[in-house]
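The values are calculated or read from the model by the stated rules, or taken from the named source; none is laboratory data. Nothing here was measured: the structure is a model prediction, and the numbers come from that model. Glycine gets a Cβ as well: all are built from the backbone with ideal geometry, and neighbour counts include every protein chain shown. Accessible surface areas use protein heavy atoms only, side chains included; no ligands, DNA or RNA. Shrake-Rupley method; radii C 1.70, N 1.55, O 1.52, S 1.80 Å.
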Amino acid sequence: MPLVSIAMYVTSEPLAAATAELWSFLRHYLTQAGLTDLPETPDRSVPYDEAWLRPDLLLSQTCGYPFARNLRGRVRLVATPVYGHPGCDGPAMCSFIIVGKDSSLSSLEDLRGTTAAVNSPDSNSGSNLFRAAVAPLARDGRFFGRIIETGSHGSSIAAVAEGRADSAAIDCVTYANIRRFDPALVEGVRIIAETPKGPGLPLITSGDASDDRVLRLRDALSAAIKEPSLAAMRATLGLVDFSVLSEADYEPLLSLAGDALPQLRA
(Lines give C-alpha, C1' and ligand atoms only; values in the text may rest on other atoms or scores of the structure.)
Protein backbone atom coordinates (compact mmCIF):
# COMPACT_ATOMS: atom_id res chain seq x y z
CA MET A 1 0.00 0.00 0.00
CA PRO A 2 1.47 3.39 -0.94
CA LEU A 3 2.35 5.92 1.75
CA VAL A 4 0.34 9.12 2.25
CA SER A 5 1.81 11.46 4.87
CA ILE A 6 0.46 15.02 4.95
CA ALA A 7 1.78 16.20 8.29
CA MET A 8 3.02 19.78 8.03
CA TYR A 9 -0.13 21.64 9.16
CA VAL A 10 -1.99 19.20 11.42
CA THR A 11 -1.03 20.35 14.91
CA SER A 12 -4.56 21.13 16.10
CA GLU A 13 -7.45 18.71 15.77
CA PRO A 14 -9.54 20.85 13.36
CA LEU A 15 -6.58 20.94 10.97
CA ALA A 16 -5.96 17.20 11.28
CA ALA A 17 -9.65 16.49 10.66
CA ALA A 18 -9.76 18.79 7.63
CA THR A 19 -6.61 17.20 6.20
CA ALA A 20 -8.15 13.76 6.65
CA GLU A 21 -11.29 14.98 4.85
CA LEU A 22 -9.17 16.30 2.00
CA TRP A 23 -7.39 12.97 1.65
CA SER A 24 -10.71 11.10 1.76
CA PHE A 25 -11.87 13.09 -1.26
CA LEU A 26 -8.55 12.64 -3.05
CA ARG A 27 -8.63 8.91 -2.35
CA HIS A 28 -12.11 8.55 -3.84
CA TYR A 29 -11.14 10.61 -6.89
CA LEU A 30 -7.92 8.66 -7.46
CA THR A 31 -9.70 5.34 -7.05
CA GLN A 32 -12.21 6.39 -9.68
CA ALA A 33 -9.24 7.34 -11.86
CA GLY A 34 -7.80 3.84 -11.62
CA LEU A 35 -5.37 3.92 -8.68
CA THR A 36 -5.92 1.04 -6.31
CA ASP A 37 -5.03 -0.12 -2.81
CA LEU A 38 -4.93 3.42 -1.39
CA PRO A 39 -4.82 3.98 2.40
CA GLU A 40 -8.04 5.16 4.02
CA THR A 41 -6.29 7.79 6.13
CA PRO A 42 -2.93 9.61 6.02
CA ASP A 43 -0.18 7.88 7.99
CA ARG A 44 0.62 9.86 11.14
CA SER A 45 3.17 7.37 12.51
CA VAL A 46 5.98 8.14 10.04
CA PRO A 47 7.99 11.31 10.84
CA TYR A 48 7.28 13.74 8.02
CA ASP A 49 10.91 14.05 6.94
CA GLU A 50 11.30 10.28 6.80
CA ALA A 51 8.36 10.02 4.41
CA TRP A 52 9.87 12.26 1.74
CA LEU A 53 12.30 9.73 0.24
CA ARG A 54 10.31 6.58 0.85
CA PRO A 55 10.08 4.58 -2.41
CA ASP A 56 6.41 3.83 -1.70
CA LEU A 57 5.48 7.51 -1.29
CA LEU A 58 2.29 8.56 -3.04
CA LEU A 59 1.77 11.99 -1.50
CA SER A 60 3.48 14.10 1.15
CA GLN A 61 4.23 17.74 1.90
CA THR A 62 7.74 19.02 2.40
CA CYS A 63 9.37 22.32 3.33
CA GLY A 64 10.66 24.47 0.49
CA TYR A 65 14.27 24.76 1.69
CA PRO A 66 14.86 21.01 2.19
CA PHE A 67 13.23 20.47 -1.20
CA ALA A 68 15.58 22.91 -2.91
CA ARG A 69 18.62 21.72 -1.00
CA ASN A 70 18.23 17.94 -0.82
CA LEU A 71 15.13 16.63 -2.60
CA ARG A 72 15.26 18.12 -6.09
CA GLY A 73 15.73 15.34 -8.61
CA ARG A 74 14.93 12.72 -5.97
CA VAL A 75 11.18 13.36 -5.68
CA ARG A 76 8.61 14.82 -8.06
CA LEU A 77 6.75 18.05 -7.48
CA VAL A 78 3.00 17.70 -7.57
CA ALA A 79 1.64 21.11 -6.58
CA THR A 80 2.06 23.94 -4.08
CA PRO A 81 -0.94 24.90 -1.93
CA VAL A 82 -2.16 28.48 -2.14
CA TYR A 83 -3.36 29.72 1.24
CA GLY A 84 -5.47 32.78 1.93
CA HIS A 85 -3.84 33.79 5.21
CA PRO A 86 -2.08 37.12 5.90
CA GLY A 87 1.49 36.88 4.64
CA CYS A 88 0.56 34.66 1.68
CA ASP A 89 0.74 35.83 -1.93
CA GLY A 90 -0.38 33.12 -4.32
CA PRO A 91 1.93 30.13 -3.78
CA ALA A 92 4.48 32.39 -2.05
CA MET A 93 4.55 33.07 1.66
CA CYS A 94 6.58 34.86 4.32
CA SER A 95 7.32 34.34 7.99
CA PHE A 96 6.42 36.74 10.77
CA ILE A 97 9.25 37.80 13.04
CA ILE A 98 7.97 37.87 16.60
CA VAL A 99 9.20 39.23 19.94
CA GLY A 100 7.72 39.12 23.41
CA LYS A 101 4.52 41.09 23.92
CA ASP A 102 6.17 43.45 26.41
CA SER A 103 9.59 43.46 24.77
CA SER A 104 11.24 46.79 24.00
CA LEU A 105 12.51 45.36 20.68
CA SER A 106 10.69 46.93 17.75
CA SER A 107 12.84 46.55 14.63
CA LEU A 108 15.18 44.08 12.97
CA GLU A 109 18.17 46.22 13.95
CA ASP A 110 17.11 45.89 17.60
CA LEU A 111 17.68 42.13 17.33
CA ARG A 112 21.43 42.50 16.85
CA GLY A 113 23.31 40.51 19.50
CA THR A 114 20.12 39.00 20.99
CA THR A 115 18.97 35.39 21.23
CA ALA A 116 16.99 33.97 18.32
CA ALA A 117 14.94 30.78 18.34
CA VAL A 118 14.74 28.57 15.25
CA ASN A 119 12.56 25.50 14.90
CA SER A 120 15.17 23.73 12.75
CA PRO A 121 18.30 24.88 10.89
CA ASP A 122 16.92 23.47 7.61
CA SER A 123 13.48 25.06 7.96
CA ASN A 124 12.71 27.55 5.21
CA SER A 125 10.21 29.55 7.26
CA GLY A 126 11.92 29.35 10.65
CA SER A 127 15.55 29.68 9.61
CA ASN A 128 16.19 30.40 5.93
CA LEU A 129 13.72 33.29 5.57
CA PHE A 130 14.80 34.58 9.00
CA ARG A 131 18.40 34.60 7.77
CA ALA A 132 17.34 36.43 4.61
CA ALA A 133 15.59 39.11 6.67
CA VAL A 134 18.62 39.95 8.81
CA ALA A 135 21.36 39.30 6.23
CA PRO A 136 21.49 42.95 5.08
CA LEU A 137 22.27 43.93 8.69
CA ALA A 138 24.98 41.31 9.27
CA ARG A 139 28.59 42.21 10.01
CA ASP A 140 31.19 39.70 8.88
CA GLY A 141 28.47 37.07 8.58
CA ARG A 142 27.24 37.57 12.13
CA PHE A 143 24.15 39.16 13.59
CA PHE A 144 22.59 37.33 16.53
CA GLY A 145 24.39 36.79 19.81
CA ARG A 146 22.99 33.31 20.33
CA ILE A 147 20.80 30.77 18.52
CA ILE A 148 18.65 28.13 20.19
CA GLU A 149 16.95 25.29 18.34
CA THR A 150 13.43 24.47 19.56
CA GLY A 151 12.14 21.70 17.28
CA SER A 152 8.87 23.34 16.20
CA HIS A 153 7.26 26.69 15.51
CA GLY A 154 5.04 26.24 18.55
CA SER A 155 8.08 25.71 20.74
CA SER A 156 9.76 28.79 19.23
CA ILE A 157 6.68 30.87 20.08
CA ALA A 158 6.79 29.52 23.63
CA ALA A 159 10.51 30.30 23.92
CA VAL A 160 9.87 33.92 22.95
CA ALA A 161 6.79 34.28 25.15
CA GLU A 162 8.67 32.86 28.14
CA GLY A 163 11.78 34.99 27.59
CA ARG A 164 14.15 32.16 26.69
CA ALA A 165 14.62 33.77 23.29
CA ASP A 166 14.18 37.32 22.09
CA SER A 167 12.79 36.57 18.64
CA ALA A 168 11.74 33.88 16.18
CA ALA A 169 10.43 33.64 12.63
CA ILE A 170 7.09 31.85 12.34
CA ASP A 171 5.61 30.52 9.11
CA CYS A 172 2.61 32.78 8.36
CA VAL A 173 0.31 29.80 7.78
CA THR A 174 1.29 28.27 11.11
CA TYR A 175 0.81 31.63 12.82
CA ALA A 176 -2.67 32.01 11.34
CA ASN A 177 -3.60 28.47 12.38
CA ILE A 178 -2.44 29.04 15.95
CA ARG A 179 -4.32 32.35 16.17
CA ARG A 180 -7.51 30.60 15.09
CA PHE A 181 -7.30 27.32 16.97
CA ASP A 182 -4.86 27.87 19.87
CA PRO A 183 -4.93 31.66 20.41
CA ALA A 184 -3.57 31.51 23.95
CA LEU A 185 -0.22 30.40 22.51
CA VAL A 186 0.36 33.75 20.78
CA GLU A 187 -0.98 36.04 23.49
CA GLY A 188 2.54 36.57 24.81
CA VAL A 189 4.12 37.64 21.50
CA ARG A 190 3.75 40.30 18.83
CA ILE A 191 4.91 40.71 15.23
CA ILE A 192 7.57 43.32 14.42
CA ALA A 193 8.46 42.44 10.82
CA GLU A 194 7.91 40.12 7.87
CA THR A 195 10.61 38.14 6.11
CA PRO A 196 11.04 38.09 2.34
CA LYS A 197 8.61 35.74 0.60
CA GLY A 198 9.42 32.42 -1.03
CA PRO A 199 7.47 29.56 -2.58
CA GLY A 200 5.40 27.63 -0.05
CA LEU A 201 5.46 24.02 1.10
CA PRO A 202 5.12 21.74 -1.95
CA LEU A 203 3.25 18.48 -2.22
CA ILE A 204 5.50 15.74 -3.59
CA THR A 205 5.41 12.13 -4.75
CA SER A 206 8.19 9.57 -5.21
CA GLY A 207 10.98 10.27 -7.65
CA ASP A 208 10.09 7.35 -9.90
CA ALA A 209 6.42 8.35 -10.20
CA SER A 210 5.11 8.34 -13.76
CA ASP A 211 3.85 11.42 -15.54
CA ASP A 212 0.42 9.82 -15.46
CA ARG A 213 0.46 9.50 -11.67
CA VAL A 214 1.56 13.12 -11.22
CA LEU A 215 -1.21 14.27 -13.59
CA ARG A 216 -3.84 12.24 -11.72
CA LEU A 217 -2.72 13.72 -8.40
CA ARG A 218 -2.91 17.23 -9.82
CA ASP A 219 -6.35 16.56 -11.27
CA ALA A 220 -7.54 15.28 -7.89
CA LEU A 221 -6.23 18.38 -6.10
CA SER A 222 -7.88 20.65 -8.67
CA ALA A 223 -11.18 18.82 -8.17
CA ALA A 224 -10.90 19.28 -4.39
CA ILE A 225 -10.69 23.05 -4.87
CA LYS A 226 -13.84 23.07 -7.01
CA GLU A 227 -15.94 20.62 -4.96
CA PRO A 228 -18.79 22.54 -3.21
CA SER A 229 -19.09 20.03 -0.37
CA LEU A 230 -15.48 20.72 0.67
CA ALA A 231 -15.98 24.45 1.31
CA ALA A 232 -15.77 24.05 5.09
CA MET A 233 -12.64 21.92 4.79
CA ARG A 234 -10.96 24.51 2.59
CA ALA A 235 -11.93 27.29 5.00
CA THR A 236 -10.46 25.38 7.94
CA LEU A 237 -7.16 24.88 6.12
CA GLY A 238 -7.21 28.38 4.64
CA LEU A 239 -6.80 26.65 1.28
CA VAL A 240 -7.84 28.55 -1.84
CA ASP A 241 -6.01 26.82 -4.70
CA PHE A 242 -3.06 24.73 -5.82
CA SER A 243 -0.32 26.02 -8.09
CA VAL A 244 2.06 23.94 -10.21
CA LEU A 245 5.59 25.29 -9.80
CA SER A 246 8.88 24.04 -11.22
CA GLU A 247 12.03 22.97 -9.44
CA ALA A 248 13.60 26.19 -10.72
CA ASP A 249 11.01 28.20 -8.80
CA TYR A 250 12.44 26.80 -5.55
CA GLU A 251 16.12 27.24 -6.42
CA PRO A 252 16.28 30.91 -5.27
CA LEU A 253 15.65 29.73 -1.70
CA LEU A 254 19.24 28.48 -1.66
CA SER A 255 20.67 31.97 -2.10
CA LEU A 256 17.90 34.14 -0.68
CA ALA A 257 20.12 35.46 2.11
CA GLY A 258 23.05 36.08 -0.24
CA ASP A 259 26.59 35.56 0.98
CA ALA A 260 26.45 37.97 3.89
CA LEU A 261 25.10 35.44 6.34
CA PRO A 262 25.69 31.92 4.98
CA GLN A 263 24.40 30.27 8.15
CA LEU A 264 22.03 31.38 10.87
CA ARG A 265 24.54 31.35 13.69
CA ALA A 266 25.81 33.46 16.55
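Testing Ala132 on (1) assigned to a helix (DSSP H, G or I); (2) over 30 Å from Arg218 (Cα atoms); (3) out of contact with any Gly (no Cβ under 9 Å at 6 or more places or on another chain), one condition comes back false. Which one is that?
Unmet condition: (3).
Name every residue in segment 14-42 that is farther than 22 Å from Pro228 by Cα and over 18 Å from the mean Cα position of the chain (by Cα), in order of residue number.
Gly34, Leu35, Thr36, Asp37, Leu38, Pro39
Can you name the residue in segment 120-151 that is free of Cβ contacts under 8 Å to residues at least 40 places away in the same chain and under 24 Å from the mean Cα position of the chain (by Cα) and, of all such residues, is nearest to Pro199 (Cα to Cα)?
Ser120
Here's a check for you: in segment 228-262, which residue that is modelled with pLDDT under 90 and assigned to a loop (DSSP other than H, G, I, E, B) is most open to solvent (accessible area, probe 1.4 Å)?
Looking at residues that are modelled with pLDDT under 90 and assigned to a loop (DSSP other than H, G, I, E, B), I get Asp259.
Pairs needed: first member in segment 63-85, free of Cβ contacts under 8 Å to residues at least 60 places away in the same chain; second member anywhere, crowded, with 21+ Cβ neighbours inside 10 Å and not charged (D, E, K, R); C-beta distance under 8 Å; at least 6 residues apart or different chains.
Pro66/Trp52; Pro66/Asn124
Hey, among Thr11, Thr80, Thr19, Thr62, which residue is polar (S, T, N, Q) and more than 20 Å from Ser152 (Cβ to Cβ)?
Going through Thr11, Thr80, Thr19, Thr62 in turn, the sole match is Thr80.
Looking at segment 1-106, what strands (runs of 3 or more DSSP E) fall wholly within it and have at least 3 residues that are open to solvent by less than 40 Å² (accessible area, probe 1.4 Å) and more than 19 Å from Leu129 (Cβ to Cβ)?
Because the criterion is at least 3 residues that are open to solvent by less than 40 Å² (accessible area, probe 1.4 Å) and more than 19 Å from Leu129 (Cβ to Cβ), the strands (runs of 3 or more DSSP E) in segment 1-106 that meet it are 3-5, 57-61, 75-83.
One residue is enough: does segment 173-196 have a residue meeting the conditions within 16 Å of the chain's Cα centre (by Cα), assigned to a helix (DSSP H, G or I), at pLDDT 95 or above and of a type in the set (Phe, Trp, Tyr)?
yes
Name the single residue, out of those in segment 187-227 being open to solvent by less than 50 Å² (accessible area, probe 1.4 Å) and without any contact (Cβ under 8 Å) to a residue 40 or more places away in the chain, that is farthest from Ser103 (Cα to Cα).
Here the answer is Ser222.
Which residues, counting only those in segment 144-159, are part of a loop (DSSP other than H, G, I, E, B), open to solvent by 40 Å² or more (accessible area, probe 1.4 Å) and touching a strand residue (DSSP E or B) at 6+ places or on another chain (Cβ under 8 Å)?
Gly145
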